[in-house]
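Novice: So that we are looking at the same thing, I have put the structure below in structure tokens.
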Amino acid sequence: MQPRLKIKKGDTVIVLAGKDKGEKGKVLQVIPSKMRVIVEGVNLVKRHTRATPKMPQGGIVTKEAPIHVSNVMVVCTKCGKPTRTGAKILADGKKVRVCKRCGEVIDK
């Protein structure tokens, strides 16, 4: 059974630990089986690739590597600060994530 993560694709997060501490970025991909996320512009690594029909030149490509979910925190859209998330059920029965600091709905 895969763990349920509190971070979703498209969320803005801040890095709490590691070489990119303090950087903000958008979540590009969530990997629940490995408890990792890929964040835009964070944890960049150089990958040596061989020539393919898609990339005839080959060479060294810089791309984002996964970062553990415990090292990132969701940034609230209203207050702009890193926050923990809570769950709330709206009047129409829809379950949404809310900011623990200001109570603003994080989900779109």
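Novice: Given the conditions (1) at pLDDT below 90; (2) not assigned by TED's automatic domain parsing to the domain that holds Arg36, report the number of the one that Met55 does not fulfil.
Specialist: Result: Met55 passes all but (2).
Novice: Check off (1) in a loop (DSSP other than H, G, I, E, B); (2) assigned by TED's automatic domain parsing to the domain that holds Asp20 for Lys63 and give me the number that stays unchecked.
Specialist: Status for Lys63: all satisfied but (1).
Novice: Based on what the data block shows, is Ala17 touching a residue at least 40 places away in the same chain (Cβ under 8 Å) and among the small types (Gly, Ala, Ser)?
Specialist: So Ala17 passes the test.
Novice: Restricting the first residue to segment 63-78 and requiring it to be within 14 Å of Glu40 (Cα to Cα), which pairs with a second residue that is surrounded by fewer than 15 Cβ atoms within 10 Å (Cβ to Cβ) and of a type in the set (Asp, Glu) meet a Cβ separation below 8 Å and a spacing of at least six or different chains?
Specialist: Close Cβ pairs (under 8 Å, with a partner that is surrounded by fewer than 15 Cβ atoms within 10 Å (Cβ to Cβ) and of a type in the set (Asp, Glu)) amount to Glu64/Glu40.
Novice: Taking Gln57 as meeting all but one of (1) touching a residue at least 24 places away in the same chain (Cβ under 8 Å); (2) assigned to a loop (DSSP other than H, G, I, E, B); (3) exposed (fewer than 11 other Cβ atoms within 10 Å of the Cβ), write down the number of the exception.
Specialist: Going through the list (1) touching a residue at least 24 places away in the same chain (Cβ under 8 Å); (2) assigned to a loop (DSSP other than H, G, I, E, B); (3) exposed (fewer than 11 other Cβ atoms within 10 Å of the Cβ), Gln57 breaks only (1).
The values are calculated or read from the model by the stated rules, or taken from the named source; none is laboratory data. None of these values were measured; they are calculated from a predicted model. Cβ coordinates were reconstructed from backbone atoms using ideal geometry, including for glycine residues, and neighbour counts include every protein chain displayed.
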